[in-house]
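The values are calculated or read from the model by the stated rules, or taken from the named source; none is laboratory data. Since we're looking at a predicted model, the values are computed, not measured. Cβ placement follows ideal geometry from the backbone for every residue including glycine, while neighbour counts extend to all protein chains displayed.
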Amino acid sequence: MSMATAAAPSLAQQIEGDPIINDICISVGTANGSGSQTSNNTLMRALFLMGIPVAGKNLFPSNIQGLPTWFIIRANKDGWTGRKRDVDVVVCMNPETAQSDVANAIPGSVVIFDDSLGLEKLRDDVIFYPVPFKKLVAESCENVKLRKYVVNMIYVGVCCELFGIDMEKTKQALSKELKGKAKAIDLNKPALDAGAKWARENLKKKDRLRVEAMDKTAGKILITGNDASALGALYGGVSVVTWYPITPSSSLCEATIDLLEEFRKDPKTGKRTFCHVQGEDELASVGMAIGAGWAGARAMTATSGPGISLMSEFVGLAYYGEVPVVIGDVARVGPSTGLPTRTMQGDLTQLYWCSHGDTRHVVLIPGTVEECYEFWCDAFNIAEELQTPVFVMTDLDLGMNYWLTDRFKMPTKPMNRGKVLDEAAFKQMQEWGRYKDVENDGVGYRTLPGAFEGGAYFTRGSGHDEQARYTEDSKAWERGMQRLARKHETARKRVPSPVVDGRGAKVGIIAYGSTDLPVQESVDRLRKAGQKIDYLRVRALPFSKEVADFLVCHDTVYVIEANALGQMRTILGNDYPEHANKFRSILHYDGLPLYPAKVVDAIKAGVEVK
């Protein structure tokens, strides 16, 4: 009787010492326009299908095709998928940046590269895996013209074999990424297999990295913030989209229009029940959106910092004329053109005080893709309830990158149009004034143009009284500004309240937006190191009561934000000057997402970072 021979361990299992399981960060350096996005997303989705929390960040150039680009994939068993300062695996697919990529690698990390580059001579403190990419792609792809695209899939196969990424899951991910493109799928699969086979037969495992199947992505999805925002706008009832393209907001409007084309047509006639218009510039776009909001439609536009600058005069008109409209700002690095494909929270004060004179706006600040969906859905309610422009501020990191999230929930509350009078309600009012404050909440009653006789009024940006009549009377102007101040106080109770993780510490952190996940990870590390610390995440302006309560309870408050001037700290100091001496800034403004080590090091040292 013969004995069965035990199967040899896979390459990923051939680890000397304790393995590092399900905690891996991979940086892939390629050239823009080389087709690398398919391979990068395939690898990210394969880890997701294995049940491992994962996310991807695309660091791409703003200039023409051929410039360097990097894709960062982080998978972590505990769900920490924000940016990590030090990557574990460096994949060099771009000869132009290969040497600098190796130079920036941390000691002990892995470098995968084309063997013709000779990178192994550069350092002796990293683990090199040379791979004959040119030879393998020539053997697996007959079409010479397509090899420059297909070669990226070989690195995916090598990573699968080296780190134990399930090949079947990887092929499922490839099929999803190239859905409906059977020829492209068939073209890439041989390269995937070739990379894995070569690694299995030729490499000796020298690192300790390995992934194993988990169950932490069940019921979850990978989605960008812009796609989530578009879905929220759809469920929020948007019917008019006006826009002008600008990175990184373009995909938000494009995704919204695609959803409207699919779901907003009369089922009998096939005619659109919505309108979308690309204006000649940002000023025209917001002007059309404001006009649609005045007429009773739920209208939106989206842009980035330079577009907000151009929109500011019309935004002032909507604020003082009290017209509901929703404006998305997917922020990028400024001033001026800045770094259009990098991320920053540099537009906060611009949004809050947008336009000239005494304006203060509602700004919703989602920190997750789920909140992108929820806040955009509710933004139209808030705009109509308060009769005012509402900004939804994200940034490139949250807007354009893939994030792991629970599936979104269907809205359960009906749309709230606010104080809109129909003819019956209008006739019951003893004396109607468009800008008259009946309930002392700062919000008057409005009518929709052409709805019924007698409800007409002028909407003007110049001085007006409670009946919307033109006036330059100083007392009437003061009454109007005092009423808008009451509306601002009403807004404090209506906007999303902060998320507070308080445990009675005397040291606190305040952050907002896309810095949330790295700040959460920072708080976790600090607490494990024995630091007592609390965390409040602002989700909207104006501040609600919880912010004041948090400041009262803490002696030192670190305000963490991705800009150079400490804009949230400025607004906090303006609203709560009695607490201004408590604030300490930790500022991050290099255009890349915040990473936890920066926060942890600063708070441990008790210093500001400016």
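Surrounded by fewer than 18 Cβ atoms within 10 Å (Cβ to Cβ), closer than 30 Å to TRP376 by Cβ and in contact (Cβ under 8 Å) with a residue 24 or more places away in the chain: which single residue out of GLY180, GLY219 fits that description?
The conditions single out GLY219.
Which numbered condition in (1) touching a Ser or Thr at 6+ places or on another chain (Cβ under 6 Å); (2) at positive phi is the only one that SER249 fails?
Single failed check for SER249: (2).
If GLY195 meets every condition in (1) within 21 Å of GLY33 (Cβ to Cβ); (2) small (Gly, Ala, Ser); (3) touching a residue at least 24 places away in the same chain (Cβ under 8 Å) apart from one, which number is that one?
Of (1) within 21 Å of GLY33 (Cβ to Cβ); (2) small (Gly, Ala, Ser); (3) touching a residue at least 24 places away in the same chain (Cβ under 8 Å), only one is false for GLY195: (1).
Tally time: how many residues in segment 487-516 are touching a Ser or Thr at 6+ places or on another chain (Cβ under 7 Å) and of a type in the set (A, V, I, L, M)?
So the count comes out to 2.
So, ILE571, is that one over 25 Å from the mean Cα position of the chain (by Cα) and either without any contact (Cβ under 8 Å) to a residue 12 or more places away in the chain or surrounded by 19 or more Cβ atoms within 10 Å (Cβ to Cβ) (or both) or not?
In short, no.
Scan segment 422-447 residue by residue and report those that are assigned to a loop (DSSP other than H, G, I, E, B), surrounded by fewer than 18 Cβ atoms within 10 Å (Cβ to Cβ) and out of contact with any Asp or Glu (no Cβ under 9 Å at 6 or more places or on another chain).
Those that are assigned to a loop (DSSP other than H, G, I, E, B), surrounded by fewer than 18 Cβ atoms within 10 Å (Cβ to Cβ) and out of contact with any Asp or Glu (no Cβ under 9 Å at 6 or more places or on another chain): ASP422, MET429, GLN430, GLU431, VAL438, GLU439, ASN440.
Could you say whether any residue in segment 62-78 is surrounded by fewer than 19 Cβ atoms within 10 Å (Cβ to Cβ) and of a type in the set (Lys, Arg)?
yes
Out of the residues in segment 574-600 that are assigned to a helix (DSSP H, G or I) and within 25 Å of the chain's Cα centre (by Cα), which is surrounded by the fewest Cβ atoms within 10 Å (Cβ to Cβ)?
Among residues in segment 574-600 that are assigned to a helix (DSSP H, G or I) and within 25 Å of the chain's Cα centre (by Cα), the one surrounded by the fewest Cβ atoms within 10 Å (Cβ to Cβ) is ALA597.
Hey, among the residues in segment 454-506 that are polar (S, T, N, Q) and within 34 Å of the chain's Cα centre (by Cα), which one's farthest from GLU322 (Cα to Cα)?
The selected residue is SER497.
Of the residues ASN381, ASN401, which single one is touching a residue at least 40 places away in the same chain (Cβ under 8 Å) and more than 27 Å from TRP80 (Cβ to Cβ)?
ASN381
This table checks each residue for (1) in contact with a helix residue (DSSP H, G or I) (Cβ under 6 Å, 6 or more places away or on another chain); (2) at pLDDT below 95.
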residue	(1), (2)
PRO9	no, yes
ASP23	no, no
GLY29	yes, no
GLN37	no, yes
ILE52	no, no
GLY66	no, yes
TRP70	no, no
VAL89	no, no
ALA103	no, no
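Counting only residues that are surrounded by 20 or more Cβ atoms within 10 Å (Cβ to Cβ) and over 19 Å from GLY334 (Cα atoms), how many does segment 552-568 have?
The number of residues fulfilling the criteria is 4.
Do we find that GLY508 is closer than 16 Å to ILE603 by Cα, out of contact with any helix residue (DSSP H, G or I) (no Cβ under 9 Å at 6 or more places or on another chain) and either outside the structural domain of TYR352 (by TED's automatic domain parsing) or surrounded by 22 or more Cβ atoms within 10 Å (Cβ to Cβ) (or both) in this structure?
For GLY508, the condition - closer than 16 Å to ILE603 by Cα, out of contact with any helix residue (DSSP H, G or I) (no Cβ under 9 Å at 6 or more places or on another chain) and either outside the structural domain of TYR352 (by TED's automatic domain parsing) or surrounded by 22 or more Cβ atoms within 10 Å (Cβ to Cβ) (or both) - is not met.
If the Cβ limit is 8 Å and pairs must be 6+ apart or interchain, which residue in segment 576-605 that is closer than 24 Å to VAL333 by Cβ pairs with which residue that is part of a loop (DSSP other than H, G, I, E, B) and among the hydroxyl-bearing types (Ser, Thr, Tyr)?
GLY591/THR343; LEU592/THR343; PRO593/THR343
Just to verify a result, which residue in segment 170-221, among those that are within 20 Å of ASP88 (Cβ to Cβ) and in a helix (DSSP H, G or I), is farthest from the chain's Cα centre (by Cα)?
ALA199
Just name the residue that is modelled with the lowest pLDDT out of those in segment 254-276 that are outside any strand (DSSP E or B) and of a type in the set (Lys, Arg).
LYS268
Criterion first (modelled with pLDDT of 95 or more and surrounded by fewer than 22 Cβ atoms within 10 Å (Cβ to Cβ)) does ALA173 satisfy it?
No: the conditions fail for ALA173.
Go through segment 223-253 and give me each residue that's closer than 25 Å to SER336 by Cβ and either among the charged types (D, E, K, R) or assigned to a helix (DSSP H, G or I) (or both).
Within segment 223-253, GLY225, ASN226, SER250, SER251, LEU252, CYS253 qualify.
Looking for something farther than 30 Å from PHE408 by Cα and touching a residue at least 24 places away in the same chain (Cβ under 8 Å) - is there at least one such residue anywhere in segment 163-170?
yes
Looking at (1) assigned to a strand (DSSP E or B); (2) surrounded by fewer than 24 Cβ atoms within 10 Å (Cβ to Cβ), which is the only condition VAL392 fails?
For VAL392, the exception is condition (2).
In segment 11-30, what residues are among the small types (Gly, Ala, Ser) and touching a strand residue (DSSP E or B) at 6+ places or on another chain (Cβ under 6 Å)?
Of everything in segment 11-30, those that are among the small types (Gly, Ala, Ser) and touching a strand residue (DSSP E or B) at 6+ places or on another chain (Cβ under 6 Å) turn out to be ALA12, SER27, GLY29.
Return yes or no: is PRO366 buried (at least 24 other Cβ atoms within 10 Å of the Cβ), modelled with pLDDT of 95 or more, outside the structural domain of PRO542 (by TED's automatic domain parsing) and touching an Asp or Glu at 6+ places or on another chain (Cβ under 8 Å)?
Against the criterion (buried (at least 24 other Cβ atoms within 10 Å of the Cβ), modelled with pLDDT of 95 or more, outside the structural domain of PRO542 (by TED's automatic domain parsing) and touching an Asp or Glu at 6+ places or on another chain (Cβ under 8 Å)), PRO366 qualifies.
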